[in-house]
Each structure stands twice: as structure tokens, then as C-alpha cells.
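Enquirer: Have a look at this one before I ask anything.
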Amino acid sequence: MNHEENKRTMVQLAAKMGIPITEKIEQLALLKFHEVKIIDLLPEMMIMIRSLFSEGEYTYHRKPITVIENGLLISFQNVFNDGNEDDGKKGHANNFEHERAHVRIVPLHLESEVRFSKQSHIKQITILIEAACLKQFLGKEQKKFIDLFVIEKTFWIDDFMSPEMAVLVDKIVNFSSEIPLPDFYYRLKSLELLYLLFKNLSKRETVSQHNMTSKDIEAIYRVRNAMVASLDKPLPVKELVQLSGMNELKLRKFFEQVFGKGLYSYFQHIRMQEAARLLKEEQLSVSEAGYKLGFSNLSHFGRLFEAHVGVKPKKWSSKT
């Protein structure tokens, strides 16, 4: 399909999901759709695969999704700033402020703001899945994730996309050949993604999922974005508390609930994620990457990097 056909498909899909975007049709011109696939496996699942380039900042308010009465939205999103077919070369990323690959889980009844950054190429697989269906796949392991199935709760979970997930997302999005039994294929690959996701989530420390308002979620992301913008220097907790508008206890509780890590642990993790990118994509030396991220002790930087990435910085740089 061409760009216009893909755009029409997106508009039709939004209407089917119960979240019409006709009032945003003019703003959709900012999004250049390379690929849109809809796999309708209702009433249990719906899978949306899309690859698009955002020429400008694009935001829309997503209302509750009604196509499945009780379920979850699970979005695997990989963001590339090297573009597609020369897209994005003018806005090539040289820092971590652009969104990185991540997975989000939210209940279908949650309203939220959806944002696409300027000059970003997004590859995304979104799975809408009925709660009962997901329980069936999880089997006895569903007890570990019981909070996900409480209809009344409003929660938001954000996790880093593992390399395994990123490779699989790319494989699925870029698969262009005609395949036999396509519904079977995409259902199978979606379950593979869900397995990798829940395998990662099972490693998190057990944290109760408390109800969150949209303002709570916005506050947590303000804190997260401030941390991301200051990777060379950790921000004082007092400053993060003030930025969130919450008390410290509530901030720490909600932050760990969403991201699965405490404030300092998360900061060090994204710091090392950026170090890995600088070494591989920007081809900085170990000392250049360490100093850029605020480390004066390169031995400490090396130990921290190995603890988070699994290999020493120099070995990571030489890996193909």
C-alpha cells in the first residue's frame, strides 16, 4: 500500500477500535506511513504493525479503546533516528533525549496522550489482547501478574525493549513477502514477543500496581525525561520531587511501579544504555564516552558498564 492508503487504513482502524481520529486528520499529514498491517483476531486479539516517519511533533489524546471489553494494550516500539529512505537524516540524533526502544503495557480503558517526536522513524507492533486470553497463555504463571487483570485498576508499565525483542520487532515489521497462513504466523510471532516481555517482567521485584491518574503518569514521565536530559550529572532527589509535584514516598512508589527500578538504579541503567549507544553508533572511545557521561573515574565507568551490559566497554565497541 502507498502512503495515502496506509493513512486511510489507520483512520479506519482507529474508528474500529472506538477511538476515531477524524478531528486530527490534518495533523496526520505530519506522519509518513511506510507500512500498516492489521491482523484482526477478534474477539481475543488485534495486532497492528506499522512503520512510519514523523516529520514534526505529533500528539493526540487517545480515548478508551472499546473493541475489546476487558484487556490490555501492549506496545513494542523501536525508534530509529537514521530514518527510512533518507527520512530523518537532517534530524540525526546525537543524544539520548529521543525515545529509545521500549515496551508499554496499559489497560484498554486508560486515556492517554500519544506523542511522536519530530524527525523520528518508528517501528511499532501493538497488541490488543483480551485479559482472559492472556491468562490462558500465562497458565499457572498468571499469579505473578495478578494486578494486570484487575479491571478497576489504572496502571502504566514501561520496560526497556531487550535486544531479542528489538530483533524480532524488526523481523516482523520488515517481513514483506507473501506468506501462507498469515493470521497463524502473526499470532505466533505476537506470542513470541509476549513471552519475551513477560520473561523480563518476571525478573522485576514484586511491586503492587496502585491506581494512577493521568496526572500521575505525566508527572512520572517529567521526572524520567529530566533524568534522561542530565545523564552526565544525577539530579538531586529533592529536585525530582519538586518536579513531580508529589511527596518523595509517592514518587518513589510510582516510579518503580512504572519502570521496575528505583530512581538511582534507573538513572544508572539509562546512563549505561547511552554509553552502549555512544560506543557503538557514535564510535566514541571508552574514555570519550565515559567523560561525556560525567565519569571522572574510568575504572568505575568500566565496572558499571560491564555490570549493566554484560561485557567490558572495549569489547562491546569491537562487537559487530
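Enquirer: Any chance you could list the semi-axes, whole Å, largest first, of the equivalent ellipsoid that the Cα gyration tensor gives for the range 152-240, using √(5λ)? The partial results should precede the final answer.
Expert: On the way: eigenvalues 232, 64, 33 Å².
Semi-axes (√(5λ), whole Å): 34, 18, 13.
Enquirer: Can I ask one more? Among residues other than M45 whose Cβ falls under 9 Å from its Cβ, what is the net charge (Lys/Arg +1, Asp/Glu -1)? Let's see the in-between values first.
Expert: Values: positive: R187; negative: D40, E44, E130.
Residues close to M45 contribute a combined charge of -2.
Enquirer: Here is a follow-up. On the accessible surface of the chain, probed at 1.4 Å, how many percent belong to carbon and sulfur atoms? If you can, show how the numbers build up before the last one.
Expert: Numbers: 8420 of 16450 Å².
Reported share for carbon and sulfur atoms: 51 percent.
Enquirer: Follow-up. In the full protein assembly as shown, how much of R50 is accessible to a 1.4 Å probe, in Å² to the nearest 10?
Expert: Here the accessible area works out near 20 Å².
Enquirer: A further question follows. When only Cα pairs under 8 Å and 6 or more residues apart are kept, what is the percent relative contact order across the chain? Please report the intermediate quantities before stating the final value.
Expert: On the way: 476 pairs, mean separation 45.9, N = 320.
Relative contact order comes out at 14 percent.
Enquirer: Return one whole number: the accessible area per residue of the range 126-279 in Å², for a 1.4 Å probe. Intermediate values should be presented prior to the final figure.
Expert: Details: 7980 Å² over 154 residues.
Spelled out: the 1.4 Å probe surface of the range 126-279, per residue, equals 52 Å².
Enquirer: Another one. Could you order W156, W316 so the one with the most accessible surface comes first? Probe is 1.4 Å.
Expert: Details: W156 20, W316 55 Å².
From most accessible down to least: W316, W156.
Enquirer: Another question, if that's okay. Would you list T206, T213 from the most to the least accessible area, probe 1.4 Å?
Expert: Working: T206 145, T213 75 Å².
In descending accessible area the options line up as T206, T213.
Enquirer: At a probe radius of 1.4 Å, what is the per-residue accessible area of V286, in Å² to the nearest 10?
Expert: 40
Enquirer: In deg cm²/dmol and to the nearest 500, what is the mean residue ellipticity at 222 nm of the chain if only DSSP H runs of at least 4 residues count, each as -39500 (n - 2.57), divided by the residue total? Before the final figure, lay out the partial values.
Expert: Working: 11 runs with 132 residues, N = 320.
Result for the chain, helices only: -13000 deg cm²/dmol.
Enquirer: Across the chain, how large is the tail of the calculated P(r) beyond 26 Å, expressed as a percent of all Cα pairs? Before the final figure, lay out the partial values.
Expert: Details: 25771 of 51040 pairs.
Cα-Cα pairs of the chain separated by over 26 Å account for 50 percent.
Enquirer: Another question, if that's okay. Which of the listed residues, W156, Y186, S230, is farthest toward the dipole's positive end in the chain, when Lys, Arg count +1 and Asp, Glu count -1 at the beta-carbon?
Expert: S230
Enquirer: Calculate the all-directions average of the projected area of the range 236-312's alpha-carbon convex hull, and give it in nm². Spell out each step's value before the answer.
Expert: Numbers: hull surface 23.1 nm².
Here the figure is 5.8 nm², rounded to one decimal.
Enquirer: Using a 1.4 Å probe on the protein heavy atoms only, what accessible surface does D232 show? Give it in Å² to the nearest 10.
Expert: 90
The values are calculated or read from the model by the stated rules, or taken from the named source; none is laboratory data. The structure presented is a predicted model; accordingly, all values stated were derived computationally and were not measured. Glycine also receives a Cβ, built like all others from the backbone with ideal geometry; neighbour counts cover every protein chain displayed. Accessible surface areas use protein heavy atoms only, side chains included; no ligands, DNA or RNA. Shrake-Rupley method; radii C 1.70, N 1.55, O 1.52, S 1.80 Å.
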